[in-house]
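> Just passing along the structure, written as structure tokens.
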Amino acid sequence: MQAYKAPVFLTDLMNNWLLFHNVLQNSKIGKIGLFEWELRPTQKSELKIRKKPVIKEFEQYGKPSDLNIYFFELNSTTLHVFESHGFSLSGTKNIYQYVLKNGKFYRNDKPLISFLS
């Protein structure tokens with residue numbers, strides 16, 4: 001297992017998610033960081049809003065092709081987790097919402113965003 005020192009910008013909720021999902025033991029971490037949602041009108045209709053994740057801050061741990069995890073804390077119990085696996089143009093990117101209830105994290109079945117990179 002790779003030695004892990006939590007980045008200072010991670011909150012308690014984010015660190016708890018990492019520990020709860022055993023990400024630090026089961027995967028090679030490439031980057032850990034934060035993202036924000038950028039809201040833009042779509043090209044076809046300015047009335048529709050498109051959400052795009054934008055990486056704001058991160059720390060590099062391993063290879064860029066490893067698992068990259070970015071967090072957005074919506075409130076004290078809700079976390080959006082952006083997971084990126086693989087190389088550019090051959091990897092996957094998924095963003096799920098997790099809610100902390102009674103000491104456990106529950107994930108929505110449907111991803112907020114899912115695409116090939």
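> Of all the residues that make up the range 65-82, how many are assigned to a loop (DSSP other than H, G, I, E, B), at pLDDT below 90 and not small (Gly, Ala, Ser)?
Of the residues in the range 65-82, 1 are assigned to a loop (DSSP other than H, G, I, E, B), at pLDDT below 90 and not small (Gly, Ala, Ser).
> Under the condition of being modelled with pLDDT under 95 and open to solvent by less than 20 Å² (accessible area, probe 1.4 Å), which residue from the range 83-104 is farthest from Gly33 (Cα to Cα)?
Result: Gly91.
> Here's something else I'd like to know. Which of the residues spanning the range 33-57 are under 13 Å from the mean Cα position of the chain (by Cα) and open to solvent by 100 Å² or more (accessible area, probe 1.4 Å)?
Lys56
> Looking for something open to solvent by less than 30 Å² (accessible area, probe 1.4 Å), of a type in the set (S, T, N, Q) and under 19 Å from Asn15 (Cα atoms) - is there at least one such residue anywhere in the range 74-81?
yes
> Mind telling me which of the residues Lys110, Lys52 ends up being out of contact with any Ser or Thr (no Cβ under 6 Å at 6 or more places or on another chain) and within 19 Å of Leu39 (Cβ to Cβ)?
Exactly one residue qualifies, and that residue is Lys52.
> For Phe87, only one of the following conditions fails: (1) in a loop (DSSP other than H, G, I, E, B); (2) aromatic (Phe, Trp, Tyr); (3) under 8 Å from the mean Cα position of the chain (by Cα). What is its number?
If we test Phe87 against (1) in a loop (DSSP other than H, G, I, E, B); (2) aromatic (Phe, Trp, Tyr); (3) under 8 Å from the mean Cα position of the chain (by Cα), just (3) comes out false.
> Would you be able to say whether some residue in the range 109-117 is open to solvent by 60 Å² or more (accessible area, probe 1.4 Å), within 26 Å of Ala6 (Cβ to Cβ), assigned to a strand (DSSP E or B) and without any contact (Cβ under 8 Å) to a residue 24 or more places away in the chain? Outline the logic, then answer.
Our first condition is that a residue be open to solvent by 60 Å² or more (accessible area, probe 1.4 Å); within the range 109-117, this holds for 109-110, 112, 114-116.
After this cut, where a residue has to be within 26 Å of Ala6 (Cβ to Cβ) as well, the list is 112.
Of the ones still in play, those that are also assigned to a strand (DSSP E or B) are none.
There is no residue in the range 109-117 that is open to solvent by 60 Å² or more (accessible area, probe 1.4 Å), within 26 Å of Ala6 (Cβ to Cβ), assigned to a strand (DSSP E or B) and without any contact (Cβ under 8 Å) to a residue 24 or more places away in the chain.
The values are calculated or read from the model by the stated rules, or taken from the named source; none is laboratory data. Because the structure is predicted, anything quoted here is derived from the model rather than measured. Cβ: placed from backbone, ideal geometry, glycine included. Neighbour counts: every protein chain shown. We work out accessible area using only protein heavy atoms, side chains counted, and drop any ligands, DNA or RNA first. Shrake-Rupley method; radii C 1.70, N 1.55, O 1.52, S 1.80 Å.
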